[in-house]
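Participant: Can you read through this structure? Questions will come right after.
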Amino acid sequence: MDNSKIITNLKSIIGDRKDFETKDSKLIDTILKTVINENGDNLAVDFIDCSNLDCISKFTFNMSNREFELVWHDFRSLDRSDEINQMFIQSFGSEIQKSILVIDSLKVKIIGDIPVLLLKSIYLDEKEINRRWNSKCSLMKQYEYSMFSKLIFRKVKNYSETILVPIFNIYSIAISPKIITSPEKNSKLLFDVNKNIPLEAMKAKMSELTTYSGEDQEYLKDIGNNFRRRFELAIKLAALRENYSFPGKNGSEKEIQKLMLGDLIPFVKERPILDLLKTNLDNTVDTLNECSHDSGKPISRKSLLIAVIYAYATSFDLLR
């Protein structure tokens, strides 16, 4: 595969940028076709949990519902009356193995002479998965595959298919040349890109707050509410990296995507972060929560600034 040709073609779309992000469906479609067309056999699809597909047999991207379908194997053309073919299909569990990602955004990174596509999914709960894929089939079952994804088994007419579906609203898939990258390297790249999202946003809001000298409550609470969401994401990413489970009722596990700041704090307190950060954690949470609820209590700029500094430092410590 000629990486230089792919990079040249990408430059006609994104210019000389080494790091480019878009949510535009038409642009996403163009970039996917530029990288994958004629290169599928030489590309690897690496997931953030280090699972991977070693080729792309075919793909489609639906610009209206934003479903990106990657087919790994399609054995429907095999003669299923042949015993060896039957055993072969059974070893994979279905005639078709594929992954479907509902794309929130796409990022292009040029690392040296290596083009890498990073894909971010929208959040998909059980109800949304059923709405999208529990139709035009005689059977559909969902299974927990990892903290990041679910495995769907469907029977459709005269064949079956297994679908790996990323469900967390983070960058969870990397597509790159398979000879010079690895699932482990791309998993780390995905985590690094994801952790920079809340950290960079927090730094920007801290800088904004330090230059502000007023006490306007709407303004302060907007900053605090924004900071709280970034703090939640940072903690969730740290928990996902450790495969940490949040216990629910009757031995079940809570879905991390749905958890709010108060649910996440026990995880933080169990981590070996600096004692100073742990000591101020409850006050930090209380201040940020006040910004997110209609309590009627005023927030001072000074108390908010202290809270966001501690929240950023805690996030940085968790994600380093």
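Participant: Against the conditions (1) within 16 Å of ALA238 (Cβ to Cβ); (2) in the same structural domain as ILE56 (by TED's automatic domain parsing), where does LEU199 fall short? Just the number, please.
Facilitator: Unmet condition: (2).
Participant: In region 12-27, how many are farther than 17 Å from SER176 by Cβ and part of a helix (DSSP H, G or I)?
Facilitator: 5
Participant: Go through region 288-320 and give me each residue that's basic (Lys, Arg), more than 24 Å from TYR244 (Cα to Cα) and not in a helix (DSSP H, G or I).
Facilitator: Listed by number, the list holds a single entry, LYS297.
Participant: Can you pull out the residues in region 162-181 that are under 18 Å from the mean Cα position of the chain (by Cα) and outside any strand (DSSP E or B)?
Facilitator: Selection gives ILE167, PHE168, ASN169, ILE170.
Participant: Run ASP74 past the list (1) modelled with pLDDT under 90; (2) more than 26 Å from ILE179 (Cα to Cα); (3) not basic (Lys, Arg) and report the number of the one that doesn't hold.
Facilitator: (2)
Participant: Consider SER135 carefully, then state whether it is among the polar types (S, T, N, Q) and either without any contact (Cβ under 8 Å) to a residue 40 or more places away in the chain or assigned to a strand (DSSP E or B) (or both).
Facilitator: Criteria met by SER135.
Participant: Can you pull out the residues in region 144-161 that are crowded, with 19+ Cβ neighbours inside 10 Å, outside any strand (DSSP E or B) and not aromatic (Phe, Trp, Tyr)?
Facilitator: SER146, MET147
Participant: A further question on this structure: Scan region 92-128 for residues that are crowded, with 18+ Cβ neighbours inside 10 Å, of a type outside the set (Gly, Ala, Ser) and not in a strand (DSSP E or B) and jot them down.
Facilitator: The answer is GLU95, LEU124.
Participant: Considering only residues that are free of Cβ contacts under 8 Å to residues at least 24 places away in the same chain and surrounded by fewer than 16 Cβ atoms within 10 Å (Cβ to Cβ), which ones fall in region 34-63?
Facilitator: Across region 34-63, the qualifying residues are ASN37, GLU38, ASP41, SER57, LYS58, THR60, ASN62.
Participant: Of the residues in region 40-69, how many are within 22 Å of ASN194 (Cα to Cα), out of contact with any Cys (no Cβ under 9 Å at 6 or more places or on another chain) and either at pLDDT 90 or above or not hydroxyl-bearing (Ser, Thr, Tyr) (or both)?
Facilitator: 10
Participant: A follow-up question, please. Has region 197-213 got any residue that is in contact (Cβ under 8 Å) with a residue 40 or more places away in the chain, assigned to a loop (DSSP other than H, G, I, E, B), more than 30 Å from LYS150 (Cβ to Cβ) and of a type outside the set (Val, Ile, Thr)?
Facilitator: There is at least one residue in region 197-213 that is in contact (Cβ under 8 Å) with a residue 40 or more places away in the chain, assigned to a loop (DSSP other than H, G, I, E, B), more than 30 Å from LYS150 (Cβ to Cβ) and of a type outside the set (Val, Ile, Thr).
Participant: Now for a separate question. Can you give me the number of residues within region 162-184 that are aliphatic (A, V, I, L, M) and surrounded by fewer than 20 Cβ atoms within 10 Å (Cβ to Cβ)?
Facilitator: Number satisfying all stated conditions: 2.
Participant: Take LYS141 and tell me if it is of a type outside the set (A, V, I, L, M, F, W, C), exposed (fewer than 14 other Cβ atoms within 10 Å of the Cβ), part of a loop (DSSP other than H, G, I, E, B) and in the same structural domain as THR22 (by TED's automatic domain parsing).
Facilitator: In short, no.
Participant: Something else: For region 162-184, name all the residues that are among the hydrophobic types (A, V, I, L, M, F, W, C) and modelled with pLDDT of 90 or more.
Facilitator: ILE163, LEU164, VAL165, ILE167, PHE168, ILE170, ILE173, ALA174, ILE175, listed by residue number.
The values are calculated or read from the model by the stated rules, or taken from the named source; none is laboratory data. All values derive from a computational prediction rather than experimental measurement. Every residue, glycine as well, gets a Cβ built from its backbone with ideal geometry; the counts of neighbours run over all protein chains shown.
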